[in-house]
Amino acid sequence: MASEQNNAPVAGKKEVVLGFLEDAEPWQLRSPQFPSKVGGKPAWLGLRDPPGLPGLECEICRLPMAFLLQVYAPILDQDGCFHRTIFLFCCKTAECYTRNDGRCMKVFRSQLPRANEFYPYDPPPDEESSGDPGVDHAVLPVTGVKLCWVCGCPGNKACSRCHTVTYCSKHHQTLHWKHTHKRECGSQAVASDAASPFLFPESELVTEPEETHGEEETEEEQEETEEEQEEEAAQKSVNCDAVADSLAETDLEEMAMHETEDNKVFQRFKNRVAPEPHQVLRYSRGGFPLWVSSQHVPTDDDIPECTCGAKRVFEFQVMPQLLNSLCVDSTGASVDWGTLAVYSCPASCSHDNSYCSEVVWKQDFSSEQKL
């Protein structure tokens, strides 16, 4: 396969593959190159019936979600998963990011066999082609599905004046009108591909295996840190006589145990991430996520089964470091998370090559935690 596919995480192995952001040429991030990427418009894999509204509405504010990232993750021993991509979307309304509430996120899976109706059987070239079908961002090739100018998701609501630009919703039509379309409508500039202010900054996701040497030393240091934290917690309990007068002894013990366990989990997270602090993604299909807190960790019953009846497995997690590159910093409410864990069907079942909904679990930091 092409270089992008060689760089893809290989599903089915338990080792961890780390994802990092890199700059790339726009053509390298289009559908025919099978990219892993963050931001911009989605580079749809299956070009027939990609998800749109109402499926991409935030369950809290009911506004259209924005494309966050996609991970190209083929399964080499399954013919139907020769091409396979997971797409993650999130709401851009800051007030929807309440603690440990994942209703502002959605994830979809698309997969294709090597011989399919959309892409050549042979790997794509490593240079831009003049006949690249991904050049037109308004209509998907082969199927002719119209796309929203603002978000790149299906949208067949055309501008009533020029009938040229299409949108997924009235909300996105209004955004485009205020941004540029008011002065461009009816002119040649209407076909311009200026970046939509709704989109996150676009970057390529490149991967490399997580280094495991020195792990034993890290675990020893972690044990020492945990012992120090336990001593600190004990000392704090000694100095809290005034509080103890108003709380039952059992309540205090429960609070101390909870705080100590949360510190252990967070310290483990920081120690594991420290060797590669710029990682924005951790991929380990069938493995386990690296939690940032002991709170709001899902049980088996919390992750629903796939529609085929299979119990979903962990596939990858999005790290909080990605927020630094999304330009979402705010003094008040903001797009935020501790980590996002994506779970998918272990059989990667297919429904006529349509997009399948998967599960994302949003875990936030505890109130006193900081990276």
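Since every read-out is calculated from the coordinates, none of them should be taken as a lab result. From a predicted model like this one, the values you see are computed outputs, not experimental measurements. For neighbour counting, all protein chains shown are included, and Cβ atoms are generated from backbone atoms with ideal geometry for every residue, glycine included.
What the table shows:
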| item | result |
| --- | --- |
| Cα shape, segment 262-371, gyration tensor, a/c 1.5 rule | prolate |
| Tensor-based shape of segment 66-113 (alpha-carbon gyration tensor, a/c under 1.5 rounded, otherwise prolate or oblate) | prolate |
| Positive dipole terminus of segment 16-120, leading residue within GLY80, PHE108, GLN70 (C-beta point charges) | PHE108 |
| Over segment 14-74, equivalent-ellipsoid semi-axes from the Cα gyration tensor in Å | 23, 15, 13 |
| Vicinal HN-Hα couplings computed from phi for segment 111-127 (Karplus, 6.51 cos²θ - 1.76 cosθ + 1.60; Hz; Gly/Pro x) | 8, 8, x, 4, 8, 9, 7, 9, 10, x, 5, 7, x, x, x, 8, 9 |
| Distance-filtered residues of segment 338-363 - backbone nitrogen under 12 Å, label point 7 angstrom along GLU59 Cα→Cβ | 358-362 |
| Nearby lysines by direct alpha-carbon distance to LYS106 (threshold 24 angstrom, same-chain neighbours under 8 apart not counted) | LYS37, LYS41, LYS92, LYS146, LYS157, LYS170, LYS311, LYS362 |
| Charged-residue dipole, Cβ positions (Lys, Arg, Asp, Glu), segment 290-371 about Cα centre, Debye nearest 20 | 140 |
| Over segment 32-109, relative contact order from alpha-carbon pairs under 8 Å, at least 6 apart, % | 30 |
| Cut-off under 5 Å, modelled amide H: who pairs with GLY155 long-range | LYS146, LEU147, CYS148 |
| Three-way shape label, segment 45-186, alpha-carbon gyration tensor, a/c 1.5 | oblate |
| Length added when fully stretched, ALA138-THR164, from 0.36 nm per residue minus Cα-Cα | 8.4 nm |
| Additional length obtainable on full extension of the chain from LYS157 to LEU76, 0.36 nm per residue less Cα span | 25.2 nm |
